[in-house]
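Notes for the one structure printed next.
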Amino acid sequence: MNSDNLSWLLEDFRRQVPDVRGLILFSADGLPTSFSGMSEDEADALAALGASINSMVAGASAHTGSGGVRSTLIESDEAFLMLSQAAERTGLLVVVPASADLELAATAVEQLVSRVGSHLATPARR
């Protein structure tokens, strides 16, 4: 992990949002920067997966002229994977069970993205 470790923020999110299995911030090149609710091996795998999915979705968006992608939702039998662009070159992947209140989780993820972005923003030079 790097010096931008926001694990404390992710832990706080997991305490406040019911049913979140785990979440991870990752770089555009597929490296985990902060994570909560998963092992380091899981974080490595999900960071690579998240970066790959974000890249593919951005490519599809470019080919369809639909503009920038803000989020992606993947539904499986047991869980939802919610991917968002958290900041420049930083993605967020949140795993919630299929039984979760998806609207509540999505709203909470949007709020988290705002918080993460403010922590990762680079202040202007003076």
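The values are calculated or read from the model by the stated rules, or taken from the named source; none is laboratory data. It should be emphasised that the depicted structure is a prediction, and the values quoted were computed from it without experimental measurement. Don't worry about glycine lacking a Cβ; one is built from the backbone with ideal geometry, like all the others, and counts go over all protein chains shown. The area values use the complete protein model at the heavy-atom level, side chains included, leaving out ligands, DNA and RNA. Shrake-Rupley method; radii C 1.70, N 1.55, O 1.52, S 1.80 Å.
What order do Val94, Val69 take when sorted by accessible area (1.4 Å probe), most exposed first?
Putting Val94, Val69 in descending order of accessible area: Val69, Val94.
Tell me the mean residue ellipticity at 222 nm calculated for the chain from its helices only (DSSP H runs of n ≥ 4, each -39500 (n - 2.57), averaged over every residue, nearest 500).
Here the helix-only value at 222 nm equals -14500 deg cm²/dmol.
May I ask you to compute the full-extension gain from Ala45 to Trp8, defined as 0.36 nm times their residue separation minus their alpha-carbon distance, rounded to one decimal in nm?
Gain on extension, Ala45 to Trp8, equals 11.2 nm.
In debye, nearest 20, what is the charge dipole magnitude of the range 1-71 about its Cα centre with +1 on Lys and Arg Cβ and -1 on Asp and Glu Cβ, if you could check?
340 debye
Taking amide H positions as placed in the peptide plane 1.01 Å from N, state which residues far from Ala79 in sequence (5 or more) or on other chains have amide H under 5 Å from it.
The answer is Ala98.
Between Thr90, Thr107, Thr33, where does the largest GNM mean-square fluctuation fall for the chain, given springs only between Cα atoms within less than 10 Å?
With Cα springs under 10 Å in the chain, the top fluctuation among Thr90, Thr107, Thr33 is at Thr107.
Exposed loop GluC sites (Glu not before Pro) only (DSSP loop, at most 16 other Cβ atoms within 10 Å): please give the longest stretch of the chain free of them, not including the sites.
1-77
Taking Cα pairs under 8 Å and at least six residues apart, what relative contact order does the chain come out at, in percent?
24 percent
Do any trypsin sites (Lys or Arg not before Pro) in the range 1-88 lie in a loop, going by DSSP, with at most 11 other beta-carbon atoms within 10 Å of their beta carbon, and if so which?
Loop-located and lightly packed - Arg70.
Give me D for the range 6-121 in µm² s⁻¹, whole number, from Stokes-Einstein with Rh from the Kirkwood sum over alpha-carbon pairs, 25 °C and 0.890 mPa s.
174 µm²/s
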